[in-house]
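> Questions regarding the structure given below will be posed in turn.
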Amino acid sequence: MPVKQVNPYKMGKVTISRSNMKIGRTMNISLPPIVTCRKNVPCAELCYAMKAYRMYPGVRASWDGNLAAYKQHASGYFWQIHQEIKRAKSVKVFRWHVGGDIPDMEYLLGMITLAAANPAVEFLCFTKRYELLAGYVADGSRFPKNLKIVVSMWPGLKVPDGLERFPKAWMRDTKCLDKRIPAGARKCPGKCTACGLCWKLPAGKSVVFQLH
């Protein structure tokens, strides 16, 4: 299904970043953390994105503006991202949500539509919105091959049945070690530009991040 073209005068402006200190020159978009995350998300107090959201007014305005644009006109939100990808031409990878998470099922479906409309671009998303993933795959539906969904793990947070095939990202905290972390989980080197592992992480495999 193609991305729906809309009247640009009917929607708020979407802010898309072309780079980030950690992920390098990777087109990405963010939403405000906590409000877009699952209810009572366990990582709220340690959220690195929340630190940036509180410290930098420009970041806060951009992320709040993106969520407002989506709520105002969902189709327009994804159309703007689609147009930015097309204008850039050289875009090979796109990262969803350096800050924030998938707010609802309509948003997840928009991500899927956007990936299908841009088969030459690899999309990556980490999420703790397990209920949305479970709801989508319940009837056997599959994600586009160029949309990599990685399930973000956290100590004590249980993953529902049906999501076993998704790749997983674990958090290692030396003060609260998650004993579920597989022995063969690949360690994140800290910079996406030096690795790119998560974009290629096979189904059922794991990467582990040190708490930061």
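The values are calculated or read from the model by the stated rules, or taken from the named source; none is laboratory data. In this text the structure is predicted, and so the values were computed from the model without any measurement. All Cβ positions, even for glycine, are placed from backbone atoms using ideal geometry, and neighbour counts span all protein chains on display.
> Give me a count of the residues in region 143-194 that are β-branched (Val, Ile, Thr) and over 16 Å from the mean Cα position of the chain (by Cα).
4
> Now a separate question. Sort through VAL93, VAL159 and tell me the only one that's at pLDDT below 95, of a type outside the set (Lys, Arg) and under 14 Å from ILE29 (Cα atoms). Spell out the reasoning first.
Details: VAL159 fails: under 14 Å from ILE29 (Cα atoms).
Only one candidate qualifies: VAL93.
> Of everything in region 23-58 that's under 23 Å from TYR77 (Cβ atoms) and in a strand (DSSP E or B), which residue is farthest from the chain's Cα centre (by Cα)?
Looking at the filtered set, the residue picked out is MET27.
> May I pose another question? Give the number of residues within region 150-193 that are touching a residue at least 60 places away in the same chain (Cβ under 8 Å) and either over 14 Å from PHE209 (Cα atoms) or of a type in the set (A, V, I, L, M) (or both). Walk me through it before giving the result.
From region 150-193, those touching a residue at least 60 places away in the same chain (Cβ under 8 Å) are 154-157, 171, 190-193; that's our starting set.
When the remaining residues are screened for being either over 14 Å from PHE209 (Cα atoms) or of a type in the set (A, V, I, L, M) (or both), the result is 156-157, 171, 193.
Residues flagged as touching a residue at least 60 places away in the same chain (Cβ under 8 Å) and either over 14 Å from PHE209 (Cα atoms) or of a type in the set (A, V, I, L, M) (or both) within region 150-193 amount to 4.
> Could you please tell me which pairs satisfy a Cβ distance under 6 Å, a separation of 6+ or placement on different chains, a first residue in region 195-207 that is loosely packed, with under 12 Cβ neighbours inside 10 Å, and a second residue that is not β-branched (Val, Ile, Thr)?
ALA203/ARG165; GLY204/ARG165
> Restrict the check to region 68-79 and report whether at least one residue is touching a Ser or Thr at 6+ places or on another chain (Cβ under 8 Å) and either under 27 Å from ARG142 (Cβ atoms) or not in a helix (DSSP H, G or I) (or both). Outline the logic, then answer.
Just the residues of region 68-79 that are touching a Ser or Thr at 6+ places or on another chain (Cβ under 8 Å), to begin with: 78.
When the remaining residues are screened for being either under 27 Å from ARG142 (Cβ atoms) or not in a helix (DSSP H, G or I) (or both), the result is 78.
Yes, region 68-79 contains a residue that is touching a Ser or Thr at 6+ places or on another chain (Cβ under 8 Å) and either under 27 Å from ARG142 (Cβ atoms) or not in a helix (DSSP H, G or I) (or both).
> Among ARG60, ARG54, ARG95, ARG18, which is farther than 22 Å from GLY135 by Cβ, among the charged types (D, E, K, R) and crowded, with 18+ Cβ neighbours inside 10 Å? Steps first, answer last, please.
Values: ARG60 fails: crowded, with 18+ Cβ neighbours inside 10 Å; ARG54 fails: crowded, with 18+ Cβ neighbours inside 10 Å; ARG18 fails: crowded, with 18+ Cβ neighbours inside 10 Å.
When all the criteria are applied, what remains is ARG95.
> Now a separate question. Within the bounds of region 74-84, is there any residue that is within 15 Å of the chain's Cα centre (by Cα) and closer than 20 Å to ARG18 by Cβ? Spell out how you get there, then give the answer.
We begin by selecting, within region 74-84, every residue within 15 Å of the chain's Cα centre (by Cα); these are 78, 81.
Now narrow it down to the ones that are closer than 20 Å to ARG18 by Cβ: 78, 81.
Yes, the conditions are met somewhere in region 74-84.
> In region 80-111, what residues are part of a loop (DSSP other than H, G, I, E, B) and hydroxyl-bearing (Ser, Thr, Tyr)? Explain how you work it out, then say what you get.
To start, the set of residues in region 80-111 that are part of a loop (DSSP other than H, G, I, E, B) comprises 89-92, 97-104.
Within region 80-111, just SER90 meets the criteria.
> For region 54-71, name all the residues that are touching a residue at least 40 places away in the same chain (Cβ under 8 Å), out of contact with any helix residue (DSSP H, G or I) (no Cβ under 8 Å at 6 or more places or on another chain) and not aliphatic (A, V, I, L, M).
SER62, GLY65 - these are the residues of region 54-71 that are touching a residue at least 40 places away in the same chain (Cβ under 8 Å), out of contact with any helix residue (DSSP H, G or I) (no Cβ under 8 Å at 6 or more places or on another chain) and not aliphatic (A, V, I, L, M).
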